[in-house]
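The values are calculated or read from the model by the stated rules, or taken from the named source; none is laboratory data. Since this is a predicted model, take the numbers as computed values, not measurements. So basically every Cβ, Gly included, is an ideal-geometry build from the backbone, and we count neighbours across all protein chains shown.
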Amino acid sequence: MAYTPTPLVIDTDPGIDDALAILLALASPEVDLRLVTTVHGNVELAQTTENALRVLHLAGRSDVPVAVGARSSLVHPLPGRAGHVHGSAGLGGVVLPPSPAQVDPRPAVTALAELLETSAEPVTVAAIGPLTNIALLVSVYPDAAARIGRLVVMGGSATRGGNVTGAAEFNVWADPEAAAVVFRAGLPTVMVGLDVTLPTVLTEAGIARFAAAGPVGARAAAILGQYLDHAKTTYGTAGVVVHDALALTEAIVPGTLGTVARDVVVDTGHGAGRGQTLVDRRTVSTAPTAVGVAERVDSAAAVEFLVGRMEQLAASLS
Ligand code: RIB
Ligand code: CA
């Protein structure tokens, strides 16, 4: 039976796992990547934007428009970036060939709003960086935001504490005020947090499989190299947690993760808990602002999905 791929937008701060997530989307016929919007985060905006252009070009998809978003958080500058994790240029020290494409002339929020207003089918938005652009969309184009079919957010943590501080996950910590706006906006949101990403480890063996499948797989594996080293030294794990790729897996195959409707509050204070997502797990929420918090994951199946799709992509481009 013929089916129509779901229109997809990725809002991103590439970023090593962002790069893998973008490639996974391009490898997946269930979705049609219509737009990439860039945001500050792991590295500065100019670099995340250049990285997005080059990752798309790596996969032969420089036709996908890239629109430039927010260069800084809504209210308070984020205390630091993640160059020590992703490399100073954001792709693990790997320099990809430059893309022939130019960025879209529209600001990211405008490009996203126009796509939402004109799409015949509901659009899935995968937000895998700080939520600054999505918060601006909600504030400036509320009618367009209300047309989002699904918002899949990589961010937050219900039970696993933080990865950038003891309390906060990086994307929420980078712009807590934006995350607060988004989580209380009443959009059909799935929160893919550390609870499900940390157990989902892409091993060296999995990386080797797509590295061997073709030059694009080898490049992706090279980009993951620094992430692998960081994971070994920081967590002592023989694999990498590709947070954003798990969020894209949920965007590509709805229901991959087990979610529960919860009330989520973001700590926007300036104490030790800043950026923490306080998830009320006492009850299943019926509030209009409830968020689908991912609480269950089949990590082995998710990793196999990612590796299999990356193998297919690499083979198709070799
Ligand atoms: O905490 C993980 C998130 O922070 C991922 O999106 C990663 O790319 C970084 O932005
Ligand atoms: Ca990211």
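Considering L33, L56, which residue is modelled with pLDDT of 95 or more, in a helix (DSSP H, G or I), closer than 30 Å to Y3 by Cα and of a type in the set (A, V, I, L, M)? Break it down into steps so the answer makes sense when it comes.
Working: L33 fails: in a helix (DSSP H, G or I).
Only one candidate passes the filter, namely L56.
Of the set (1) touching a Gly at 6+ places or on another chain (Cβ under 8 Å); (2) away from ligand 1 (no atom under 16 Å from the Cβ); (3) under 15 Å from T203 (Cα atoms); (4) not small (G, A, S), all apply to I223 but (2).
Residues checked against (1) of a type outside the set (D, E, K, R); (2) within 14 Å of Q276 (Cα to Cα); (3) surrounded by 23 or more Cβ atoms within 10 Å (Cβ to Cβ):
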residue	(1), (2), (3)
T118	yes, no, no
A135	yes, no, yes
G155	yes, yes, yes
A168	yes, yes, yes
A178	yes, yes, yes
P188	yes, no, no
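None of V182, V196 is within 16 Å of ligand 2 (Cβ to nearest atom), in contact (Cβ under 8 Å) with a residue 60 or more places away in the chain and under 18 Å from the mean Cα position of the chain (by Cα) except V196.
Please enumerate the residues belonging to segment 282-303 that are among the charged types (D, E, K, R), loosely packed, with under 13 Cβ neighbours inside 10 Å and not in a strand (DSSP E or B).
Looking only at segment 282-303, we keep the residues that are among the charged types (D, E, K, R), and these are 282, 295-296, 298.
Remaining after also requiring loosely packed, with under 13 Cβ neighbours inside 10 Å: 282, 296.
If the condition is that a residue be among the charged types (D, E, K, R), loosely packed, with under 13 Cβ neighbours inside 10 Å and not in a strand (DSSP E or B), then R282 is the only one that fits.
Check whether at least one residue in segment 111-133 is out of contact with any strand residue (DSSP E or B) (no Cβ under 7 Å at 6 or more places or on another chain), charged (D, E, K, R) and either within 16 Å of ligand 2 (Cβ to nearest atom) or under 30 Å from G269 (Cβ atoms) (or both), and report yes or no. There is no residue in segment 111-133 that is out of contact with any strand residue (DSSP E or B) (no Cβ under 7 Å at 6 or more places or on another chain), charged (D, E, K, R) and either within 16 Å of ligand 2 (Cβ to nearest atom) or under 30 Å from G269 (Cβ atoms) (or both). Contact annotation: residue pairs with Cβ atoms under 6 Å, 6 or more positions apart or on different chains, pairing a residue in segment 14-28 that is closer than 7 Å to A245 by Cα and assigned to a helix (DSSP H, G or I) with a partner that is β-branched (V, I, T) and at pLDDT below 95, are D17/V242; L20/V242.
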